[in-house]
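Q: Handing you a structure now.
The values are calculated or read from the model by the stated rules, or taken from the named source; none is laboratory data. Everything numeric in this text was worked out from a predicted model, so none of it was measured. Heads up, the Cβs are rebuilt from the backbone with ideal geometry, glycines too, and the neighbour counts pull from every protein chain shown. In case anyone asks, the SASA skips ligands and DNA or RNA and just uses the protein heavy atoms, side chains included. Shrake-Rupley method; radii C 1.70, N 1.55, O 1.52, S 1.80 Å.
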Amino acid sequence: MENNSLILVTGSNGQLGSEIKAISHLYPTLSFVFTDIEELNIIDPEAVETFLKKINPNFVINCAAYTAVDKSETEMEAATLLNSVAPGIIANACKANGCRMVHISTDYVFDGNAYQPYNELSPVNPTSHYGKSKLKGEENVIESGVGMIIRTSWLYSSFGHNFVKTIIRNAKIKPELRVVFDQIGCPTYARDLADVILKIISRNNESFIPSVFHYSNEGVCSWYDFAFEIVNLTKLDCKITPIETKDYPLPAKRPHYSVFNKEKIRNHYNIEISHWSKSLSNCISLIIKDGLLNL
Ligand SMILES: NC(=O)c1ccc[n+]([C@@H]2O[C@H](COP(=O)([O-])OP(=O)(O)OC[C@H]3O[C@@H](n4cnc5c(N)ncnc54)[C@H](OP(=O)(O)O)[C@@H]3O)[C@@H](O)[C@H]2O)c1
């Protein structure tokens, strides 16, 4: 049974929001209102309350976040406001309006010291301010009782800024790129995540549970393997050289191991998850088709 729902998407000019926009026509039973900071600043409680009251949505998908991981170490307050406080503002407004929320979080809530895939009950221990701010945001949403959290990792898209586009841009002008091979995780094509979210909310309301879920594409790789495959698929003439994290210091500490166990979302929502290499190939085909290789 499918439902007719009105969906409010916040932060919709980012990677995930743009992908939701791009595939929204595939979900004719859903209607959408897309907003970014100009239309709805999610750190403003009054604006959020008024907006929700006015349009009365069935679901809010919060795609807005402070995603600059390294900048979060110095711009702590801005990251806290957007990643911790704002999700709570939306969740409370949802609760007051009888509406549900889908909120996106991150693998950075874990310290990355594990050697087995993280499930939703694995102990959290963020090591960066970004990770800490996202964890607090999760807690605020869960406390409201109306929101589901989807933790994802290594998000990329043909829209916005991301690793795939950075590698393409650099591989076009440099003969060699040095990329870390001791951080293992799983890339996630934002289009696949967008599709999963819309599948979940287009189904009957009973299956929606306000709980934490893990979602990425299938398989595992290092950033080096990911970069290698990007250059391979785009046929760019650039050597990818593996290096260790210690040779590429960054302000925010990264998890060494960021692999998700995805059984919960796969079983509860009965979804198929594609392998990262297949999804990357789909994204690169779009990038080539749209002429984005000339970035
Ligand atoms: N990117 C990753 O690798 C990754 C990995 C794991 C999880 N995630 C999570 O996945 C979700 C989606 O990430 P993404 O990469 O799609 O993010 P993104 O591309 O950075 O998009 C975020 C959007 O939110 C907007 N925004 C900023 N402040 C706002 C405000 N006060 N009110 C409303 N909108 C505001 C941004 O506008 P401006 O661009 O103008 O600031 C941007 O359009 C986030 O929750 C993120 O934490 C991301």
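Q: Accessible area per residue, 1.4 Å probe, Å², for the chain: what's the number? Walk me through the numbers on the way to the answer.
A: Values: 13410 Å² over 295 residues.
Spelled out: the 1.4 Å probe surface of the chain, per residue, equals 45 Å².
Q: Please check: in the Gaussian network model of the chain (C-alpha springs, under 10 Å), which one of L26, L16, L81 has the largest mean-square fluctuation.
A: Maximum fluctuation in the GNM of the chain, among the listed residues, is at L26.
Q: Something else now. Is the shape of the stretch 50-122 best called rounded, prolate or oblate, per the rule: a/c under 1.5 gives rounded, else a/b larger than b/c gives prolate, else oblate, with a ≥ b ≥ c the square roots of the Cα gyration tensor eigenvalues?
A: On the way: a/c = 3.31, a/b = 1.57, b/c = 2.10.
Taking the square roots of the gyration eigenvalues as a ≥ b ≥ c, the stretch 50-122 is oblate.
Q: Which residue, Q116, Q183, Q15, tops the fluctuation ranking in a GNM of the chain built on C-alpha contacts under 10 Å?
A: Greatest mean-square fluctuation among the candidates belongs to Q116.
Q: Got a number for carbon plus sulfur as a percent of the chain's accessible area, 1.4 Å probe? Working shown, then result.
A: Values: 7010 of 13410 Å².
So the carbon and sulfur contribution to the accessible surface is 52 percent.
Q: Calculate, in nm to one decimal, what K289 and I23 gain on full extension: separation in residues at 0.36 nm each, minus their alpha carbon distance.
A: 94.1 nm
Q: Still on this structure, please answer the following. Would you compute the Debye intensity of the chain from its alpha-carbon atoms alone, equal scatterers and no solvent, and pass along log10 I(q)/I(0) at q = 0.16 Å⁻¹ to two decimals?
A: Listed by q, the Debye log ratios stand at -1.36.
Q: Counting only other residues whose beta carbon sits under 11 Å from that of T10, what net charge do I get with K and R as +1, D and E as -1?
A: -2
Q: Counting helices only, and only those DSSP H runs with n ≥ 4, report the 222 nm mean residue ellipticity of the chain as the sum of -39,500 (n - 2.57) divided by its residues, in deg cm²/dmol to the nearest 500.
A: Rounded to the nearest 500, it is -11000 deg cm²/dmol.
Q: Separate question: Mind jotting down the distance between the C-alpha centroids of the stretch 148-168 and the stretch 53-87, whole Å?
A: 17 Å
Q: Which shape class applies to the stretch 238-292: rounded if a/c is under 1.5, otherwise prolate when a/b exceeds b/c and oblate if not, where a ≥ b ≥ c are the square roots of the Cα gyration tensor eigenvalues?
A: oblate
Q: Could you give me the radius of gyration and the Dmax of the stretch 158-280, taking only the C-alpha atoms into account and expressing both in angstrom?
A: Answer for the stretch 158-280, Rg first and Dmax second: 16.7, 54 Å.
Q: Let me ask you something else. Placing +1 on the Cβ of each Lys and Arg and -1 on the Cβ of each Asp and Glu in the stretch 125-180, which of N140, V179, F159 has its Cα farthest towards the positive end of the resulting dipole?
A: V179
Q: Compute a Gaussian network model of the chain, connecting alpha carbons closer than 10 Å, and tell me which residue from T80, T152, T67 fluctuates the most.
A: Among T80, T152, T67, the largest mean-square fluctuation in the Gaussian network model of the chain belongs to T67.
Q: Counting only other residues whose beta carbon sits under 10 Å from that of I89, what net charge do I get with K and R as +1, D and E as -1? Before the final figure, lay out the partial values.
A: Details: positive: none; negative: D44, E46, E49.
Spelling it out: positives minus negatives among the neighbours equals -3.
Q: If you project the alpha carbons of the stretch 12-153 onto the principal axes, what extent comes out on each, in Å, largest first?
A: For the stretch 12-153, the Cα spread along each principal axis is 44, 32, 27 Å.
Q: Same structure again: For the chain, what is the relative contact order in percent, using Cα pairs closer than 8 Å and at least 6 residues apart in sequence?
A: Numbers: 599 pairs, mean separation 61.6, N = 295.
Reported relative contact order: 21 percent.
Q: Going Cα to Cα from K95, which lysines come in below 29 Å? Please leave out same-chain ones fewer than 8 positions away.
A: Hits, sequence-local ones excluded: K21, K53, K54, K132, K134, K136, K199, K262, K264.
Q: Calculate, in nm to one decimal, what Q116 and N205 gain on full extension: separation in residues at 0.36 nm each, minus their alpha carbon distance. Write out the running numbers ahead of the final one.
A: Values: separation 89, 0.36 × 89 = 32.04 nm, distance 3.30 nm.
The Q116-N205 span can extend by a further 28.7 nm.
Q: Give, as a single signed number, the net charge of other residues whose beta carbon lies under 11 Å from the beta carbon of R254, with Lys and Arg counted +1 and Asp and Glu -1.
A: Local charge sum for R254: -3.
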